[in-house]
Amino acid sequence: MLSNVKSITLLGLKGHLISIQVDISRGMPTFEIVGLPGTSIKEAKERVKIAIKNAGIEFLSRKIVVNLSPANIRKEGSSFDLPIAVGILLASEKVKYVKELFNESIFVGELSLDGTIEKINGILPICIEAKRLGIKNIFLPVQNAKEASIVKGLNIIPINNLKEIIDFLNGNLEIKFENNNFNMLKGEPTYDVDFSEVKGQENVKRALEIAAAGGHNCLLIGSPGSGKTMLAKRIPTILPDMNLEEILEVTKIYSIVGLTSNEQPLIETRPFRSPHHTITSTSLVGGGKSPKLGEVSLAHLGVLFLDELTEFNKNTLEVLRGPLEDRKITISRINSAISYPCNFMLIASMNPCPCGYYGSKEKACTCTEEQIRKYINKISGPMLDRIDIHIEVNSVNYDNLSSKVETEKSIDIRKRVNTARKKQLERYKKYKIYSNSELNSTQLELFCKLDEKCKRILEIAFEKLALSSRAYSRILKVARTIADLANSDNIKQEHLAEAIQYRSLDRKYWKH
Amino acid sequence: MVKQGITIVSGMAIGIDSIAHKAVLEEHGNTIAVLPCGLENIYPEENKKLFQDIINNNGLVLSEYPPKKQATSKKFLERNRIVSGLSIGVLIVEAMHRSGTSVTARYAIEQKRKVFVPPHEIGDKNGVGTNKLLKQGAIIVTKTKDIIDNFKFLKYKDMEEIKLNCEKKFKNISPIDKKQTQKDSKILINKKIEVLKNKRKLQINSKETNDLHKIYELIENTAITIDEIQEKTNINISKINNCLFILEIEGYIKKVAGGGYICN
Ligand SMILES: Nc1ncnc2c1ncn2[C@@H]1O[C@H](COP(=O)(O)OP(=O)(O)OP(=O)(O)O)[C@@H](O)[C@H]1O
Ligand SMILES: [Mg+2]
C-alpha cells in the first residue's frame, strides 16, 4: 500500500514542504530511498529499520521504496527519520490512517536505535514555514517543543519515542503540550558583561558609542593588554535594542546550527563572534560541500570581532568584502543558491607595530620605521575603506581609577544609542537603509550637507593634517552620527572636528 | 617662535636646520641661513630648493666664503659661530656627546648668548650633550613662552592674539600692519574681534575659548592622552576633541602615535 506523510526541510533559512511517499509491495526484501537524498539521509535506512524493530513491531520483509518529493531539492539532515518511519508504519497499516490528520500535520525528528526521538536543528524556521502553509499540527522531538512554541497558532505534539507516536495515532494515548506558561520575551536583554566594568577609557567608550549609534565598523589600535578585547566584547551591550523581528532572525540562525535549546529557545542578546586568526575563508563566510553557516552569519545583527587583524591571512580577509557590502552571503549549489543574512558590525583590533609598543608610555618600541610601515600595510586598502572609525587604546592604570570614578552602565549608553538610531531610521525610511554607515555617495550628498563654514574647515583640516582622501566620506558619515547623538539636524563644526579625531590611521605619523 | 615674530637663524644643514627653515617659510616668518660654503656651491645639493625658497620669501642667506668655495667639516664648525653671533639666544634641541652642536653652544657661551635646552631623559643618547649643557647652567625650557620670558624686551603673545593673525591668513581681511600691532595691539585686536565675530571660520564662543586655554595649558612636550585631559579638566570628551582639533589645525599642538598630544 502507498502512504503519504509530510515534512519540512530547510534550504538556508527557508523551509520547503516535502512529501514522503512510501510504497510497500511484495518482492525481494529491499529498502530504498529516492528523490535526491543526501548521504545523511541514506543512513536513515538503518536507523529507521532498527528503531521500528525496537518499538516492538516486526520489520517487514517486503520491498520498501521511499520517495522524497519534490525531487529537485537536495535533502540533508536527520529530521526525515521520523516521517519515514511513520510512512512505513502507515503503509504497512500498523497505525490508523486519518485523512485530515495526515493532511494537516508535519513530522520532524531524528530516531535513535532504541526508538527515542532526538532533537533536530532549525525547528524555528521549520515552524514558521509550517504556519505559512496553514499546517495545523507538528509532531516533533520533546527537546524542540519550547522553541517551536515561539510560533503561535501551531498545535505542537512533542514525542518522546516511536512507541508513543504509534499509540497516539491509534488513539490509545493522549499527548498534551502546555504552551501557556512560556513567557516569550524577557524584556531587557541580559548580558553577562557590562561597560561599567571597563575603568577609564572614556575616549574609547565615546568612540564606541558613536560606532554603535551609526553602525560604524571600528578598528582599535593599542599595545598588548590595553583592554582592546575587553572593550570589543562589550560592544553588543550598547547596540540598539533588538525588535521582535530581529530576535527571530537571530534565533533562526542559531536554531539551524543547533545552538538553541529548551532552556534558551530565543536569542534575545546580540551575538558576539570572535573567530581565531587561523580561520579559513569557508568558516568565515560559510559554504563548503554541505553548505555551512559562516562566522559572518553567526554574527548577524551583532558584532564580528577580528582580534589581531594583521595576523589574519590576507586572502581570508578578502572574502569579507562582499558580505560587508551586501550584508548577506550567497552560497551557490548545483541547482540552487542559498543565501544567509550577515548584517554585522565589524570590530577589529591590532597592535600599533610588530613589537606592540609604538607610541606607548609603558615600554619603548623596538621597531624600525620600515617595520612599522610594513605592519600597517598588511591591512589591505579595500578593508580599510570599510572601517569608519580608528581609535587608539592606551592602557589605563585601572587600579587607581577604580574607586573614585563612576563608570556608566551599558544600559545608559544604550539609551542614547537607541535615540540616535531612531533618528536615522526615521530619516532613511524611504531608502531601505538603517544607519549612517550604510549611506552611499548619492545619499551622502543628500543627508550630510555641509554649510560653507564647515566645508572650509574640512578643507583646512585635510591640508593641515595631511589626511588621505579616502577619509572624506567616512568623516562625513561619522559626523552625521555625532550630530544625531547630539540631536542636531545639521552637521556642525564640532561634529566634524570630533569625527576627524577618529581617523588615526590616515594621519601623517603612521605614514612616515 | 615664528608666530611670536622671532627671526630664526640656522645653518641650512640636513635635519633640524632645514626643518626649522621650512617651518618658518610655512608660517611666512623671517629666517636667516648661514652657509658653510660659497653661495654658488650650495651644500648639501638637495637643499638648493630650500635656498631658493628662503630667498624668494624675503629671507636672508649668508656666507663668509667666496662664491665657489666648497664646504668642509671645519667650515661647518666655523659657520656656527656666526649663527650664534647673529642671535640673541640659542636653542639646542638635541646634542649627542661631543657633537657639532656642542660647539655652537660653546661659541654661544663665549659670545654671552643665552643657551636654551629642553630636558631629555637620562640615557637618551641624543640628550647627552644637552644634559651636560644644563649642568653648566643652560636655561631649561619646555615651551615657547619659557624662551620669550627670558628677554625683558620681548612680550609673549598669547593664543587669542595669534589666533587673530592666523585667521587673517584664511580669510583675506586686510592684513594688520606689524608696527601698528606692536604699538597699539590691544585696541586693534578688540576692533578685529568685532569684525571677525560674524565672519569667523571657526566658531568659538567665550566658553570654548576658556576650554581652549585650559586644555592648551596641559599640553607639554611629553604626550598627554585625551583621557588624562578629561580627568584633569572634567570637560566632556566631545568638547575636548573639538578643542584639540582647533589647537591642532592652528598649529599649536600635534597628535603623535599612541593617540597623545604634544605642544608644537
Ligand atoms: N580599562 C580597564 N578596566 C578594567 N580592566 C582592564 C582595563 N583594561 C584592561 N583590563 C584588564 O586587563 C586584561 C587584558 O585586557 P585585554 O585582553 O582586553 O587586552 P588586549 O588589548 O586585548 O591585549 P592583547 O593585545 O594582548 O590581546 C583584561 O582582561 C582586564 O582584566
Ligand atoms: Mg586581545
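The values are calculated or read from the model by the stated rules, or taken from the named source; none is laboratory data. This one's a predicted model, so the numbers in the text were calculated from it and none came from an experiment. Positions of Cβ are backbone-derived with ideal geometry, glycine not excepted, and every protein chain shown enters the neighbour counts.
Some points to look at:
- Every listed requirement among (1) under 24 Å from A:I331 (Cα atoms); (2) surrounded by 15 or more Cβ atoms within 10 Å (Cβ to Cβ); (3) touching a residue at least 40 places away in the same chain (Cβ under 8 Å) is met by A:I41 save one, (3).
- Restricting segment A:475-500 to residues that are modelled with pLDDT of 90 or more, in a helix (DSSP H, G or I) and not hydrophobic (A, V, I, L, M, F, W, C) leaves a set whose member that is farthest from B:K255 (Cα to Cα) is A:D484.
- B:S84 vs. criteria in contact with a strand residue (DSSP E or B) (Cβ under 7 Å, 6 or more places away or on another chain) and modelled with pLDDT under 90: yes
- For segment A:448-465, the set of residues classified as over 19 Å from A:A211 (Cβ atoms), within 39 Å of the chain's Cα centre (by Cα) and not in a helix (DSSP H, G or I) consists of A:K449, A:L450, listed by residue number.
- Residues in segment B:223-264 that are at positive phi, more than 7 Å from chain A (Cβ to nearest Cβ) and touching a helix residue (DSSP H, G or I) at 6+ places or on another chain (Cβ under 9 Å): B:G251 alone.
- A:L425 vs. criteria modelled with pLDDT of 90 or more, under 18 Å from A:L496 (Cα atoms) and away from ligand 1 (no atom under 16 Å from the Cβ): no
- Helices (runs of 4 or more DSSP H) fully within segment A:13-128 counting 3 or more residues that are in contact with a strand residue (DSSP E or B) (Cβ under 6 Å, 6 or more places away or on another chain) and not assigned by TED's automatic domain parsing to the domain that holds A:R333: A:44-54, A:81-91
- Test: residue in segment A:257-270 that is within 13 Å of ligand 1 (Cβ to nearest atom) and in contact with a helix residue (DSSP H, G or I) (Cβ under 9 Å, 6 or more places away or on another chain): no
- Filtering A:I247, A:I253, A:I210 for residues that are closer than 23 Å to A:N351 by Cα and either within 16 Å of ligand 2 (Cβ to nearest atom) or assigned to a helix (DSSP H, G or I) (or both) leaves a single hit, A:I210.
- Given (1) more than 10 Å from chain A (Cβ to nearest Cβ); (2) outside any helix (DSSP H, G or I), number of the condition B:I215 does not satisfy: (2)
Results for (1) aromatic (F, W, Y); (2) at pLDDT below 85; (3) surrounded by fewer than 16 Cβ atoms within 10 Å (Cβ to Cβ), shown as yes or no for each residue.
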| residue | (1), (2), (3) |
| --- | --- |
| B:L25 | no, no, no |
| B:I32 | no, no, no |
| B:G38 | no, no, no |
| B:Y43 | yes, yes, no |
| B:N47 | no, yes, no |
| B:F51 | yes, no, no |
| B:N58 | no, yes, yes |
| B:E64 | no, no, yes |
| B:T72 | no, yes, yes |
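- Count of segment A:213-243 residues which are within 10 Å of ligand 2 (Cβ to nearest atom) and either in contact with a Lys or Arg (Cβ under 9 Å, 6 or more places away or on another chain) or not in a helix (DSSP H, G or I) (or both): 7
- A residue that is away from chain B (no Cβ under 14 Å), within 16 Å of ligand 1 (Cβ to nearest atom) and surrounded by 19 or more Cβ atoms within 10 Å (Cβ to Cβ) occurs nowhere in segment A:198-209.
- Residue in segment A:295-308 that is under 24 Å from the mean Cα position of the chain (by Cα), within 15 Å of ligand 1 (Cβ to nearest atom), modelled with pLDDT of 90 or more and part of a loop (DSSP other than H, G, I, E, B) present: yes
- Selection of first residues in segment A:316-335 that are in a loop (DSSP other than H, G, I, E, B) and of second residues that are among the small types (G, A, S), restricted to Cβ pairs under 6 Å at least 6 apart or on distinct chains, gives the following pairs, ordered by first then second residue: A:V319/A:S281.
- Taking segment A:256-285 as the range and being touching a strand residue (DSSP E or B) at 6+ places or on another chain (Cβ under 6 Å) and within 16 Å of ligand 2 (Cβ to nearest atom) as the test, the residues that pass are A:F272, A:R273, A:S274.
- The selection criterion, being touching a residue at least 40 places away in the same chain (Cβ under 8 Å), within 13 Å of another protein chain (Cβ to nearest Cβ) and in contact with a helix residue (DSSP H, G or I) (Cβ under 6 Å, 6 or more places away or on another chain), holds for A:A466.
Here's the yes/no breakdown for (1) away from chain B (no Cβ under 13 Å); (2) outside any loop (DSSP other than H, G, I, E, B); (3) within 16 Å of ligand 2 (Cβ to nearest atom):
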| residue | (1), (2), (3) |
| --- | --- |
| A:I347 | yes, yes, yes |
| A:P352 | no, no, yes |
| A:Y358 | no, no, no |
| A:K374 | yes, yes, no |
| A:M383 | yes, yes, no |
